[in-house]
């Protein structure tokens with residue numbers, strides 16, 4: 001009865017999401033007993049494995065370090081996890097684009113269902129998860145012997161550092177003739193990552209155009225915030241899709257969420273309604289966003305934003 | 001090259017859903033149903049591949065109750081050549097759907113299968129990846145661009161933090177993200193023509209598989225309501241509240 005966590009990492013650094021997944025695993029382990037192991041797969045990942053070994057509650061880090069796992073392509077990575085899955089009752093990953101890409105393939109290779117994006121652990125086989133863009137919460141029970149699960153990281157508090165776990169090498173090398181990495185274009189930014197930021201400042205269709213998103217930058221700089229956007233702003237071509245907060249974009253739950261010129265479509269709210277404090281700035285006082293905002297300011301964002309930047 | 005497109009019948013994305021009073025499920029009585037938006041993008045991509053001469057014929061497939069034939073007719077009106085309905089009243093989740101689709105893949109031998117990345121009812125985001133596992137095909141999930149050249153698919157994927165491009169050997173499974181294309185609307189003459197296009201109806205038993213879910217739905221509840229707070233009159237008041245009341249900025 002042990003749990004395997006597929007570690008998330010970017011640019012040679014263990015992603016914060018993994019510490020949240022370990023927290024979910026600890027809750028499961030409380031019910032089922034057993035150890036929590038972390039799998040770090042990739043090419044040149046020894047530093048990442050060291051970082052994972054420091055996470056509280058982790059018994060063992062298993063490292064699959066090989067060129068075939070570079071960029072964590074789904075085909076070899078799922079074969080690797082499936083190879084190891086026999087030792088475990090649960091396989092967990094963050095519900096990131098990596099986790100979502102790889103884990104269902106693992107589940108099908110093992111002929112089991114996957115439980116996607118859990119937000120609560122009710123038992124070793126019972127979990128709560130949002131459906132219909134967060135407009136309902138389903139409690140589901142897996143009848144499979146192996147549970148394959150993705151975890152919505154914002155729903156679990158990250159574990160801190162603990163005793164250093166042991167690290168062991170996994171020799172299994174999957175072969176991959178199916179897919180090849182070509183390139184990656186990542187937005188470079190000094191700002192924190194949207195999904196893990198303590199403060200998020202988001203703009204909607206009310207921003208009018210992409211150029212006006214600059215108005216959010218000064219505020220984001222002062223607050224150390226990430227910048228997000230509503231789907232309406234993305235669809236209008238103001239900003240790229242990776243800035244999208246919502247059911248079809250990123251799910252965030254920062255301490256402070258500032259929604260500027262966002263009306264509050266259901267799909268957007270599903271992505272931010274678990275934020276601790278929500279501030280809405282909108283000139284339409286009937287905008288649905290005010291129904292969830294702790295603090296609402298009715299006004300023209302082009303007047304409000306410069307003033308806010310100055311007064312922060 | 002033959003292209004297989006999977007579509008799902010779901011609640012219309014504009015519908016605000018309600019939970020049944022006994023918390024057994026979501027109440028779908030008299031709720032407007034439609035093709036899942038990500039599946040519309042999948043159909044559109046297949047049609048564009050045909051228009052570019054890459055795809056020779058397009059087969060649309062769905063798994064679900066009899067009423068799901070409406071969504072197949074929509075796919076036919078949008079440009080699919082024929083349709084396959086795997087009829088079942090069971091609650092089918094991703095693994096069951098992937099098993100049914102894998103059987104269809106075996107029979108149809110498509111060069112490409114395009115699916116939506118997730119359905120907006122169960123929000124699972126699994127079926128395409130599972131189908132890739134069961135068929136042993138390559139997978140390009142969350143696609144924002146697909147180029148077919150020299151027996152390979154170059155797929156640009158929406159990933160956390162940006163875009164990733166992978167080259168896949170064919171046959172391949174592709175799941176669509178929002179920006180892949182903007183689906184067209186079906187024109188009336190095409191809707192009329194679609195009624196005459198061929199549709200095969202099969203049962204999961206015909207395919208020799210079981211699709212019933214192994215995940216039990218214990219209960220469905222409405223989410224915790226978030227209460228609205230106060231309106232502030234000025235930027236000064238807002239900054240003051242954030243500093244001294246909410247204490248989220250310093």
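The values are calculated or read from the model by the stated rules, or taken from the named source; none is laboratory data. What you see is a predicted model, and the numbers here were worked out from it, not measured in a lab. In this analysis, Cβ positions are derived from the backbone assuming ideal geometry, glycine residues included, and neighbour counts consider all displayed protein chains.
A few notes on this one:
- Scope the range A:79-95; condition surrounded by fewer than 24 Cβ atoms within 10 Å (Cβ to Cβ) and either within 8 Å of chain B (Cβ to nearest Cβ) or in a helix (DSSP H, G or I) (or both); matching residues: A:79, A:82, A:83, A:84, A:85
- A residue that is touching a helix residue (DSSP H, G or I) at 6+ places or on another chain (Cβ under 8 Å), within 14 Å of another protein chain (Cβ to nearest Cβ) and crowded, with 18+ Cβ neighbours inside 10 Å cannot be found anywhere in the range B:192-199.
- Picking from residues in the range B:12-30 that are modelled with pLDDT under 95 and within 13 Å of residue B:121 (Cβ to Cβ), the one that is surrounded by the most Cβ atoms within 10 Å (Cβ to Cβ) is B:17.
- Matching residues, the range B:138-177, being outside any strand (DSSP E or B) and at the interface with another protein chain (Cβ under 7 Å from one of its Cβ atoms): B:160, B:161
- Some residue of the range B:120-129 being crowded, with 24+ Cβ neighbours inside 10 Å and either more than 10 Å from every other protein chain (Cβ to nearest Cβ) or under 17 Å from residue A:242 (Cβ atoms) (or both): yes
- Subset of the range B:220-231 [modelled with pLDDT of 95 or more and either buried (at least 17 other Cβ atoms within 10 Å of the Cβ) or in contact with a helix residue (DSSP H, G or I) (Cβ under 6 Å, 6 or more places away or on another chain) (or both)]: B:220
- When we screen B:97, B:67, B:46, B:83 for residues that are farther than 22 Å from residue B:205 by Cα and either at pLDDT 95 or above or under 18 Å from the mean Cα position of the chain (by Cα) (or both), the only hit is B:46.
- Residues in the range B:63-84 that are in contact with a helix residue (DSSP H, G or I) (Cβ under 7 Å, 6 or more places away or on another chain) and surrounded by fewer than 21 Cβ atoms within 10 Å (Cβ to Cβ): B:73 only.
- Taking the criterion of being more than 21 Å from residue A:306 (Cβ to Cβ), surrounded by fewer than 21 Cβ atoms within 10 Å (Cβ to Cβ) and free of Cβ contacts under 8 Å to residues at least 60 places away in the same chain, the only residue of the range A:266-284 that qualifies is A:276.
- Residue check, residue B:236 without any contact (Cβ under 8 Å) to a residue 60 or more places away in the chain and surrounded by fewer than 14 Cβ atoms within 10 Å (Cβ to Cβ): yes
- Qualifying residues in the range A:190-220 (those that are in a helix (DSSP H, G or I) and within 13 Å of chain B (Cβ to nearest Cβ)) - the one farthest from residue B:162 (Cα to Cα): A:219
- When the range A:221-241 is filtered for residues that are assigned to a helix (DSSP H, G or I), touching a helix residue (DSSP H, G or I) at 6+ places or on another chain (Cβ under 8 Å), in contact (Cβ under 8 Å) with a residue 24 or more places away in the chain and over 23 Å from residue B:223 (Cβ atoms), the ones remaining, listed by number, are A:222, A:233.
- Residues that are more than 16 Å from the chain's Cα centre (by Cα) and in a helix (DSSP H, G or I) within the range B:103-131 comprise B:103, B:104, B:105, B:106, B:107, B:108, listed in sequence order.
- Residue within the range A:246-263 that is out of contact with any helix residue (DSSP H, G or I) (no Cβ under 8 Å at 6 or more places or on another chain), part of a loop (DSSP other than H, G, I, E, B), within 7 Å of chain B (Cβ to nearest Cβ) and within 20 Å of residue A:196 (Cα to Cα) present: yes
- Scanning the range A:14-45 for residues that are touching a helix residue (DSSP H, G or I) at 6+ places or on another chain (Cβ under 7 Å) and part of a strand (DSSP E or B) returns A:14, A:36, A:38, A:39, A:40, A:41, A:42.
- Qualifying residue in the range B:36-57 (condition: more than 14 Å from chain A (Cβ to nearest Cβ) and assigned to a strand (DSSP E or B)): yes
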